[in-house]
Amino acid sequence: MRKVYVAGVFSTPFGKLGDASIKSLAIAAGIGAMADAKVSSEAVEHLYFGNFAAGMLQGQKMLAAVVASGLRLTLGPATAVEGACASGGIAFHLAALAVATGQCDIALAVGAEVMTGSTTEQVTNVLASAMDQASGEPLTGLTFAGFFSLLARRHMAVYGTTMDHFAYVAKKNRDNAQYNPRAQFFGHPVTWEKIQQSRLIAEPLRLYDCCPISDGASAAIIVSENVAKALGGTMIEVLASTQAAGPAALQEMDSLTSLSAVRHAAQAAYETAHVGPEDIDIAEVHDCFSAAEVIAMEDLGFCGPGEGGPYIASGSTLWDGERPVNLSGGLLSKGHPVGATGLAQVYEVVQQLRGTADRPARRARIGLTHNVGGTGGAVVINILART
Amino acid sequence: MNYVLYACQRCHKISAVAEGAPFHCWACQSTEGTMIENVSGTVESFTVLHVAPLHYLDDIPYGVATVLLNNQVRVVGRLSRFTDLDRVTIGTVVHISPDERYGLVLHPLDAR
Ligand SMILES: [Zn+2]
């Protein structure tokens, strides 16, 4: 396998973006990433496009071709991937794989989603389509908030995790978003009281424990070592990009307090990168719900099983803690345009490693992204380093 | 239509099957199943939904629980509408019945 580098990144603001079409957002992100890398559209050989819901919400499929044509990409394959909330991460993973295996020297990964033009109930419906329909579980009326609430309550019962631990995640990420002008809740801080007294969505989780519905697009240019050196600038190497599959139904999970695909992808990523969790300086993790960040800390090996709540409450993951997590605001406060999220995580980590983030971490040489699709059915972990 | 419960002989997962229809395990595709009756288990975790998909808006608020059977197989079901949701806890014993609309319905023995 060849060495792989991230030469350019871009992210649109996340939030309610009015009448912006998914095509226009995706093209803006693609152009932005190419400009950041200083590569022309004629030089891009492969396109990987991540999206989840455009087929259902906008009636638009065939988006890889639509976006490739809009970007004037003519050299090689344009491929769309769908892995629910991990769609953007999978697009990045495949682009990195194409460069690593020598299929191309310059690949573009784009992720985009438009959701705010639909009602909450429509979006809830579409998200529920990421569950295994044959299992019968969606018939119960279970939602994704419900799924993570089941995990949250089990985690509380088994390990003594508290609602305060979950609120701590929500507060930390909302505070972080106040430094990120692209975040959906930039300029909208909240108090502890408001978080803890917000309306119930799926008990025990409340409104501020849940990520918002968002529009947005993010992109990255992935290149070979020769191209990275020729382009100049800070070298950001992809030490590892791994993907793992897991259950798409609760009935197939080995435990309700851990996502097996995260453990598997993380283990493979650490082995490939020759680093351990202790070497990770910063991380962008998939906090679709506050409880998911608690579980992520454990599955990524940042702390032991059951220790996620106290670990976060200790301040270890704050901006000035030993390992800041979700300095962007995370999905909870940066926003979660489903197909864009995995690439937005890459955007944030790359800016931190370059030292060009809106609020730079005190130490950021190695960063990790953790992107989870559905009930943990698809997981992508990337480990990036400034080299 | 009447539904009955089948346990897969290969993977032991539970399926609700329309009476008279052939059994087909949702998890492993096996067609070897055993009809089961009087199935009960204990609540492993539960949630009460206040935001619902389109077809369930009239049900709000409603409970969904994961239940572990004696053989540790997990099933997911809708808590019966007669359930006092404030009295459901982890460990609550429920009787499980197949349901055309909700897949599986859970009837708590001590939380009505
Ligand atoms: Zn089976």
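The values are calculated or read from the model by the stated rules, or taken from the named source; none is laboratory data. For clarity, every value in this text was computed on a predicted model and none was experimentally measured. Note: ideal-geometry Cβ built from the backbone for every residue, glycine included; neighbour counts use all protein chains shown. Only protein heavy atoms, including side chains, enter the accessible area calculation; ligands, DNA and RNA are left aside. Shrake-Rupley method; radii C 1.70, N 1.55, O 1.52, S 1.80 Å.
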In short, region A:104-149 residues buried by 50 Å² or more of accessible area relative to the isolated chain (1.4 Å probe) are A:121, A:125, A:139, A:140, A:141
Please state the relative contact order of chain A as a whole percent: Cα pairs under 8 Å, 6+ residues apart?
27 percent
Accessible area, probe 1.4 Å, largest first, for residues A:358, A:209, A:19
A:19, A:358, A:209
Protein-only accessible surface order, largest first, of A:334, A:194, A:38 at 1.4 Å:
A:38, A:194, A:334
Pick from A:326, A:173, A:226: which residue has the top mean-square fluctuation in a GNM of chain A where Cα pairs under 10 Å get a spring?
A:226
Shape of region B:63-112 from its Cα gyration tensor (a ≥ b ≥ c, root eigenvalues): rounded if a/c is under 1.5, otherwise prolate when a/b > b/c, or oblate?
oblate
Most mobile listed residue (B:16, B:65, B:52) in chain B, GNM with C-alpha springs under 10 Å:
B:52
Taking the highest mean first, how do the peptides B:94-107, B:2-15 order by number of other beta carbon atoms within 10 angstrom per residue?
B:94-107, B:2-15
Counting only the heavy atoms of the protein chains, how much of residue A:121 is accessible to a 1.4 Å probe, in Å² to the nearest 10?
60 Å²
Counting only protein heavy atoms and a 1.4 Å probe, tell me what percentage of chain A's accessible area is made up of carbon and sulfur.
52 percent
Could you do me a favour and compute the accessible area per residue for region B:4-108, 1.4 Å probe, result in Å²?
47 Å²
In whole percent, the Cα-Cα distances of chain A spread across 20 Å bins from 0 upward as 32, 60, 7
What shape does region A:138-220 have by the C-alpha gyration tensor, where a ≥ b ≥ c are the square roots of the eigenvalues, rounded means a/c under 1.5, and otherwise prolate means a/b greater than b/c and oblate the rest?
oblate
Let a ≥ b ≥ c be the square roots of the eigenvalues of the Cα gyration tensor of region A:322-382; is it rounded (a/c under 1.5), or, if not, prolate (a/b larger than b/c) or oblate?
prolate
Solvent-accessible surface ranking, highest first, for A:31, A:236 at 1.4 angstrom
A:31, A:236
How large is log10 I(q)/I(0) at q = 0.10, 0.18 Å⁻¹ when the Debye formula is applied to the Cα atoms of region B:4-108, each weighted equally and without solvent?
-0.28, -0.87
Quick one: what does P(r) look like for region B:1-56 with 5 Å bins over all Cα pairs, in whole %?
4, 17, 21, 15, 16, 17, 9, 1
Express the carbon and sulfur contribution to the solvent-accessible surface of chain B as a percent, rounded to the nearest whole number, probe 1.4 angstrom.
48 percent
Chains A and B: buried accessible surface, both sides, probe 1.4 Å, rounded to 100 Å²?
2700 Å²
What is the ratio of the Cα radius of gyration of region A:103-154 to 2.2 N^0.38 Å, with N the residue count, to two decimals?
1.63
Stokes-Einstein diffusion coefficient of region A:266-387, Kirkwood radius over Cα pairs, 25 °C, 0.890 mPa s, in µm²/s
173 µm²/s
With +1 on each Lys and Arg Cβ and -1 on each Asp and Glu Cβ, and nothing else charged, work out how big the dipole of chain A is about its Cα centre, in Debye to the nearest 20.
760 debye
Accessible solvent surface per residue of region A:148-227, calculated while the other protein chains remain in place, 1.4 angstrom probe, Å²
38 Å²
